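Enquirer: Handing you this structure, nothing more for now.
The values are calculated or read from the model by the stated rules, or taken from the named source; none is laboratory data. As the structure is a computational prediction, the values presented were derived from the model and not from experiment. Because the Cβ atoms are built from the backbone with ideal geometry, glycine has one as well, and the counts that use them run over all protein chains shown. Just the protein is used for accessible areas: all its heavy atoms, side chains included, with ligands, DNA and RNA removed. Shrake-Rupley method; radii C 1.70, N 1.55, O 1.52, S 1.80 Å.
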Amino acid sequence: MPTVTVSVNGKSHTVDVAPETLLVELIREKLRLTGTHIGCDTSQCGACVVHVDGAAVKSCTMLAVSADGAKVTTIEGLANGSALHPMQEAFREHHGLQCGFCTPGMIMSAVDMVSRRGSELDERTIREELEGNICRCTGYHNIVKAVAAGAKAMKGGSKTARAAE
Amino acid sequence: MSATGIGAAVRRKEDHRFITGTGNYTSDITRPGEVRAYFVRSPHAHATIKKVDVKAAEKMPGVVAVLTGADLAGDKIGGLICGWAIFSKDGSPMKAGAHPAIAADKVRCVGDAVAVVLAETLAQARDAAEKVKVDYGTLPSVVDPAKAQAKGAPQVHDVAPNNTIYEWHLGDKAATDAAFASAKHVTKLDIVNNRLVPNAMEPRAAIAEYDQGNDSLTLWNTSQNPHVARLVISAFIGMAPEHKLRVIAPDVGGGFGSKIFIYPEEVVALWASRRVKRPVKWVSDRSEAFLTDAHGRDHVTHAEMAFDASGKITGLRAKTIANLGAYMSTFSSSVPTYLYATLLSGQYAIPSIYCEVDAVYTNTAPVDAYRGAGRPEATFVVERLVEVGAREQGIDPAELRRRNFVKSFPHQTPVIMAYDAGDYNASLTKAMEMADYKNFGKRKADSEKKGKLRGIGFSTYIEACGIAPSQAVGSLGAGVGLWESAEVRVNPTGSVEILTGSHSHGQGHETTFAQLVSERLGVPIETVSVVHGDTDKVQFGMGTYGSRSGAVGMSAIVKALDKVEAKAKKVAGYMMEASADDIEFKNGSFTVKGTDKKVGWGDVTLNAYIAHKFTGGQLEPGLKEGAFYDPTNFTFPAGCHIAEVEIDPDTGKTEIANWVAVDDFGVIINPMIVEGQVHGGIAQGIGQALLEGASYNSDGQLVTGSFMDYTMPRADDLPNFKVGTTVTKCPSNPLGIKGCGEAGAIAAPAALINAITNAVGHEKVPMPASPSAVWKAAQGGMKRAAE
């Protein structure tokens, strides 16, 4: 059985995994970080988005062995201690979530969106960028608001910028 | 209004765990020693099972057991049931076929379970499942509800000849036919209400654990109503006595109706856990969800509306064939009957209505309640007829609606419902202002200059929510009462726990219910917690669906709070040596009328438990009260949605240019949460009208079986929504709440199809109105315009 060493949320783990193990399975089942969710089996829904070496990845499309040596951030690693990341705070403030199941992936995608597209995001950009994340509850209206506000707050030099990365 | 009381947009208490990844969904739970379950499912829509050979699978690595339908039958585990009895016109009861949790003799749809493999890991269970050999005798299948009753059609269940479950009707046929005979104008429509897959983002899951020492079972599952699940699994399926079965629905990731029902997999998990004496975990993957979650809608309808010379509606008649799929799911029978035909009066005073509904079996996934459940189907029929009727008679659609609105209350419709309060003109007027209706012509002209087609469509919808009172639903065939329970536990330090039979799967009960308590008791919202979803904690409850948690669930809390306040006044009376009748309670303080004597909430709650001042022994210590609330009527949320679209006639692409929703939900506890519910409902309604449609081929294979084939609304498919409200209080419950959860999904499809047909000048636009369908209609409309 292959051995994989990954840094997840700033903590190094060395684990034995079956070769077919997906990164999301490693995260959820071996490391018991269950904030990263599985919502489909075709890499469409985005509930499993994490950051691998600073870039958003659908963790259901990556083998755990491919993450050997990588730095992974999951939703659990986004806040700086008890201080929420501005994007987390924005989702709460703007009611960007209802059942919460798609939320971790949404937030991880949104943070990645800001790092790629900057902090001044118009509605159209946000909607297009969220193509890979499905939400069934909110109709996206408040998610779009939350992402725009979270992006601005990230620029504002929040103290809680991606602590683990 | 306080910052955390009724009417305040309080940020949600539950959000912290969801945004930090610390929620607790069923699939997040692991139990020591658990095995993973994987189902072997039929690849055929219709086949006899000649033989199931599990020998090779049993020898695979990690396999603990492979169980079949024969094993299930051998252990005398009962089949799944439909809990709402419907009777045909001739008085005969509905013809429900057997629904074993694992098929033993015959499979009736693709995805029907034929065996379950239990193994140490999911991968091992999957590998072993491939070794289960099933010898099928394939049979021809029927998938189209309009063809299910045809002579010679394949028979899904022997007990239901011609695949007909019931032939039901409602209303006065003779009076309605007379209205049509004397009509000045009759509008006729053929409508297909498309089949939808609910697709809550959290797939269903179940973990069952057998406790040998106590001979009891615990089930963690993705349920909207864990108590009903326990009742059905105990009383009808015979798994275990009710007191030996605990059902826990932890955080649930969306439901939209699909998690109301009792499903085969949770029954099998419980049974298997007792057999192998280890916890059994099953988590649906998305492909399984598409095949096995109960779908929604799937009606084929012919409907007609009669008008007199002044544009007054004099009659409505409809004939609907409702597809219930291969098995009757838990509440499937009620959806195309009492949740559908009873709403065919819409917001209008219609003197005569007659509706016939045939429910049929087909070789497709079961169909049951999905957000709106029957009411979107009714609204679509009524609002399409009214809009088309207005166009045919050359009357402005808003004006035609106004002429026919119910204006005085209470209003008894010809189809059971008695509307209690509303102001339909107010929501229409406000929506027209918000949509800038008067300048639509200018915008249309601007679109035409760009070579685009612009259209506007109304939907003035009504729904019946709460799904109660119990006596009423009982008289209509419901196997359960539809009240709600609450218990208010006040701790010695003054903090409060609310135990409720409602269950939140995204609706934010932990916040809104706490707002009610904060307002009522004058306590900080942080000191209130809500407990739900565990049959060992909450004694009984009916769960969350039918937009009922505010109107029914919170009313039960009000009743319990009334009792708490009465008792707390007695405690305060002892403390201040005054009669309880002289105690006033306001903003968290108890005072004696006409004096300056005053004690605070925390003093009273502590004294309730130390009981040092209860002289005479007439007052019991403690501060905990429970209540059951059974409404006296349904609630009737209503409103007006206006959709405006711009269509490219060359590509058929529809762009939603504007969406206005003005809803009357009665009193609103948290406007932020209510707006969120409206947004989500509209998105699902737009999804139905524009994007979504479950499609089976003639062999019964689900062609749209994944997110790659079934078009879920994505962020770039939808606009921002303009949401407003008007308020008439619901007179039948203490808070004046009507409910908001389903409105968007009920209103939206008709508004959007009305807008698209208005734009293209052609009424034959199917749902989903895909670009190719809209392009064809646009070509037809332009051809018609040229003639």
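Enquirer: Over the range A:3-77, with every protein chain in place, what whole percent of the accessible area is carbon and sulfur at 1.4 Å, could you tell me? Kindly include the intermediate steps, with their values, before the conclusion.
Expert: Details: 1390 of 2820 Å².
Looking at the range A:3-77 in its full context, I get 50 percent from C and S.
Enquirer: Heavy atoms only, probe 1.4 Å: what % of the accessible area of the range A:86-164 goes to carbon and sulfur, would you let me know?
Expert: Working: 1240 of 2650 Å².
The nonpolar share, carbon plus sulfur, comes to 47 percent.
Enquirer: Give me the net charge of B:Gly481's neighbourhood, meaning all other residues with Cβ under 13 Å from the Cβ of B:Gly481; Lys, Arg count +1, Asp, Glu -1. Please list the in-between numbers first.
Expert: Numbers: positive: B:Arg548; negative: B:Glu484, B:Asp630.
After counting each charged neighbour, the total is -1.
Enquirer: Another question, if that's okay. Among B:593-601, A:73-81, B:683-691, B:195-203, what's the highest-first ranking by average C-beta atoms within 10 angstrom per residue?
Expert: Details: B:593-601: 13.1, A:73-81: 21.4, B:683-691: 27.6, B:195-203: 25.4.
Taking the mean over residues of other Cβ atoms within 10 Å, the ranking is B:683-691, B:195-203, A:73-81, B:593-601.
Enquirer: While we're on this one: With springs only between Cα atoms under 10 Å apart, run a GNM on chain A and tell me which of A:Gly46, A:Gly118, A:Gly35 wobbles the most.
Expert: Between A:Gly46, A:Gly118, A:Gly35, it is A:Gly118 that shows the largest mean-square fluctuation.
Enquirer: Sticking with this structure for a sec: Could you list which residues have their amide H under 5 Å from that of B:Ala101, counting only those 5 or more apart in sequence or on another chain, with H placed in the peptide plane?
Expert: B:Leu80
Enquirer: Still on this structure, please answer the following. Please state the charge dipole magnitude for the protein assembly as shown, taken about the Cα centre, from unit charges on C-beta atoms (+1 on K and R, -1 on D and E), reported in debye and rounded to the nearest 20. Intermediate results must be reported in sequence, preceding the final value.
Expert: Values: 98 positive and 104 negative charges, 97 e Å.
Charge dipole of the protein assembly as shown: 460 debye, to the nearest 20.
Enquirer: Okay, moving on. Quick one: of B:Lys51/B:Lys277; B:Lys89/B:Lys173; B:Lys442/B:Lys776; B:Lys450/B:Lys783, which pairs are farther than 21 Å apart, Cα to Cα?
Expert: On the way: B:Lys51/B:Lys277 27 Å; B:Lys89/B:Lys173 12 Å; B:Lys442/B:Lys776 26 Å; B:Lys450/B:Lys783 19 Å.
Flagged as over cut-off: B:Lys51/B:Lys277; B:Lys442/B:Lys776.
Enquirer: Also, quick follow-up: Could you list, in their original order, any pairs among B:Lys593/B:Lys624; B:Lys55/B:Lys244; B:Lys407/B:Lys722; A:Lys11/B:Lys131; B:Lys738/B:Lys764; B:Lys452/B:Lys722 whose Cα atoms are separated by more than 32 Å? Before the final figure, lay out each step's value.
Expert: On the way: B:Lys593/B:Lys624 25 Å; B:Lys55/B:Lys244 34 Å; B:Lys407/B:Lys722 26 Å; A:Lys11/B:Lys131 41 Å; B:Lys738/B:Lys764 35 Å; B:Lys452/B:Lys722 23 Å.
Pairs exceeding 32 Å: B:Lys55/B:Lys244; A:Lys11/B:Lys131; B:Lys738/B:Lys764.
Enquirer: A further question follows. For chain B, list the DSSP H helices whose alpha carbon atoms reach 20 Å or more along the long axis and whose average Kyte-Doolittle value is 0.0 or above?
Expert: Numbers: long enough: B:375-393 (26 Å, -0.35); B:554-575 (31 Å, 0.21); B:671-686 (22 Å, 0.54); B:743-760 (26 Å, 1.46); B:771-786 (22 Å, -0.30).
Helix filter hits for chain B: B:554-575, B:671-686, B:743-760.
Enquirer: For chain B, just the Cα set please: Rg and Dmax, both in angstrom.
Expert: That works out to 27.5, 93 Å for Rg and Dmax.
Enquirer: Which whole number gives the average count of other chain Cβ atoms within 10 Å of the Cβ atoms across peptide A:128-135?
Expert: On the way: counts 3, 2, 3, 4, 2, 3, 7, 8.
Whole-number average of other-chain Cβ neighbours for A:128-135 is 4.
Enquirer: In chain B, with Lys and Arg counted as +1 and Asp and Glu as -1 at Cβ, which of these residues, B:Asn607, B:Gly83, B:Tyr340, has the Cα nearest the positive end of the dipole, that is, farthest along it?
Expert: About the Cα centre, the residue reaching furthest to the positive side is B:Tyr340.
Enquirer: Heavy-atom accessible surface, probe 1.4 Å, ligands and DNA/RNA ignored: which residues of the range B:193-215 lose at least 50 Å² versus the isolated chain?
Expert: Residues of the range B:193-215 that lose at least 50 Å² of accessible area once the other chains are added: B:Met201.
Enquirer: Further question on the same structure: Over chain A, give the accessible area per residue in Å² for a 1.4 Å probe, as an integer.
Expert: Numbers: 6110 Å² over 165 residues.
I get 37 Å² per residue for this part.
Enquirer: Counting only protein heavy atoms and using a 1.4 Å probe, what share of the accessible area of chain B belongs to carbon plus sulfur, as a whole percent? Display every interim value, and only then the final one.
Expert: Details: 13720 of 26670 Å².
After summing per-atom areas, the C and S share lands at 51 percent.
Enquirer: Order B:552-560, B:447-455 from most to least packed using the mean count of other Cβ atoms within 10 Å.
Expert: Working: B:552-560: 26.7, B:447-455: 15.9.
Highest to lowest by the protection proxy: B:552-560, B:447-455.
Enquirer: Amide H neighbours of B:Ile86 under 5 Å, counting only residues 5+ apart in sequence or on other chains, H built in-plane at 1.01 Å?
Expert: For B:Ile86, the qualifying residues are B:Met94.
Enquirer: Let me ask something additional. At a 1.4 Å probe, which residues in the range A:66-101 are at least 10 Å² less accessible with all protein chains present than in their chain isolated?
Expert: A:Ile75, A:Glu76, A:Leu84, A:Gln88, A:Arg92, A:Glu93, A:His95, A:Leu97, A:Gln98, A:Cys99, A:Gly100, A:Phe101
Enquirer: Let me ask another. Based on the mean of other Cβ atoms within 10 Å per residue, sort peptides B:64-70, B:251-257 so the most packed one is first. Write out the running numbers ahead of the final one.
Expert: Details: B:64-70: 20.6, B:251-257: 27.1.
Final packing ranking: B:251-257, B:64-70.
Enquirer: May I pose another question? Any idea what the dipole of chain B comes to, in debye rounded to 20, about its Cα centre with Lys/Arg Cβ at +1 and Asp/Glu Cβ at -1?
Expert: Details: 81 positive and 86 negative charges, 84 e Å.
So the dipole magnitude of chain B works out to roughly 400 debye.
Enquirer: With every protein chain kept in place and ligands, DNA and RNA left out, what is the accessible area per residue of chain B? Probe 1.4 Å, answer in Å². Numbers along the way, then the final one.
Expert: Details: 26670 Å² over 787 residues.
Result: 34 Å² of accessible area for each residue.
Enquirer: Which percent, nearest 5, of DSSP beta bridges in chain A are antiparallel? It would help to have the intermediate numbers written out before the result.
Expert: On the way: 14 of 16 bridges.
Roughly 90 percent of the DSSP beta bridges within chain A come out antiparallel.
Enquirer: Let me ask another. Counting partner chain Cβ atoms within 10 Å of every residue's Cβ in B:672-680, what's the average?
Expert: Values: counts 4, 2, 0, 3, 10, 4, 2, 9, 10.
Per residue, the number of nearby Cβ atoms from other chains is 5 on average.
Enquirer: Which value results when the Cα radius of gyration for the range A:86-164 is divided by 2.2 N^0.38 Å? Mind showing how you got there, number by number?
Expert: Values: Rg = 11.3 Å, N = 79, 2.2 N^0.38 = 11.6 Å.
Normalised by 2.2 N^0.38 Å, the Cα Rg of the range A:86-164 equals 0.97.
Enquirer: What does the average come to when, for each residue of peptide B:20-31, you count the partner chain Cβ atoms lying within 10 Å of its Cβ?
Expert: Per residue, the average neighbour count from other chains is 6.
Enquirer: Quick one: net charge of B:Val723's neighbours, Cβ under 10 Å, K/R +1, D/E -1? Can you show the working numbers first?
Expert: Values: positive: B:Lys722; negative: B:Asp663, B:Glu675.
The answer is -1.
Enquirer: Tally Lys/Arg at +1 and Asp/Glu at -1 over every other residue whose Cβ is under 15 Å from the Cβ of B:Val35; what's the total? Don't skip to the end; give the middle numbers.
Expert: Numbers: positive: B:Arg31, B:Arg36, B:Arg126, B:Arg274, B:Arg275, B:Lys277, B:Arg278, B:Lys281; negative: A:Glu29, B:Glu34, B:Glu58, B:Glu120, B:Asp127, B:Glu209, B:Glu265.
So the environment of B:Val35 carries a net charge of +1.
Enquirer: If you don't mind, another one. Please report the buried accessible area for the interface of B with A, total over both chains, probe 1.4 Å, in Å² to the nearest 100. Let's see the in-between values first.
Expert: Working: alone 28680 and 8250 Å², together 32780 Å².
Protein heavy atoms only, the B-A interface buries about 4200 Å².
Enquirer: Cα gyration tensor of the protein assembly as shown, axes a ≥ b ≥ c as square roots of the eigenvalues: rounded (a/c below 1.5), prolate (a/b > b/c) or oblate?
Expert: rounded
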